[in-house]
């Protein structure tokens, strides 16, 4: 399943990027939705009833797929931002079911705060009315990365995979922000989209682990 999902996602993401280049909206949106459905399908197929972690991760994956669709719409950015924030909150709860927030190590929090602080500082003059919405989003996704780091350890299998998925998702959002608020360029999509789908797919494969 891992190889098939990865190859299919790669083909679909390449199709999305080709659509970005050519301006083919219909193909781009269809391929983007299909790529999102792949990671949702992986999560659903691996889901084991009775495991809270699995349930929350699958919920987060579903929010991600809905957010992808909203971001593909001309005026869907703010709604997409809210839905993605809900997805990150679902991931935070998922990590909490494995290791309570009170037990998350503080050491990983410092670099996350540093990077997020620099990003917000750089973006702040460009955000306009979205300032506090973006600030809230950055706060939640930073907590999500910290939570993933908090699950790394011998007590829970797959901790490094959770952290890798969370970090890839985080970095992909930096390119979304750069494309939206700094400079709209194809390179932002060419880097950000593969990172995003890789991150979501890795998180999907932690379901049932």
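Its alpha carbons give segment 121-164 an Rg and a Dmax of 14.8, 45 Å.
How many angstrom lie between the Cα centre of segment 2-32 and the Cα centre of segment 160-177? One Cα centre to the other: 19 Å. Estimated from the Cβ-Cβ distance and a Förster radius of 22 angstrom, the FRET efficiency linking residue 82 and residue 47 is about 0.35. Between residue 30 and residue 106, full extension at 0.36 nm per residue minus the direct alpha carbon distance yields a gain of 23.2 nm.
Ordering 86-96, 136-146, 117-127, 9-19 by mean Cβ neighbour count within 10 Å, with the highest value first, yields 86-96, 136-146, 9-19, 117-127.
Where only DSSP H runs of four or more residues are counted, the chain gives -27000 deg cm²/dmol as its mean residue ellipticity at 222 nm, each run worth -39500 (n - 2.57). Give me the percent relative contact order of the chain, please, defined on Cα pairs under 8 angstrom at least 6 residues apart. So the answer I get is 23 percent. Here the relative contact order of segment 23-94, from alpha carbon pairs under 8 Å that lie six or more residues apart, stands at 32 percent. Listed by Cβ neighbour count within 10 Å, with the fewest neighbours leading, 184, 129 appear as 129, 184. Neighbour counts of C-beta atoms inside 10 Å place 169, 77 in the sequence 77, 169, starting with the fewest.
Based on alpha-carbon centroids, what's the gap between segment 55-106 and segment 112-143 in Å, whole number please? So the two Cα centres are separated by 17 Å.
Since every read-out is calculated from the coordinates, none of them should be taken as a lab result. Since the model is a prediction, treat every value here as computed from it, not as a measurement. Positions of Cβ are generated from backbone atoms using ideal geometry, with glycine treated the same way; all protein chains shown enter the neighbour counts.
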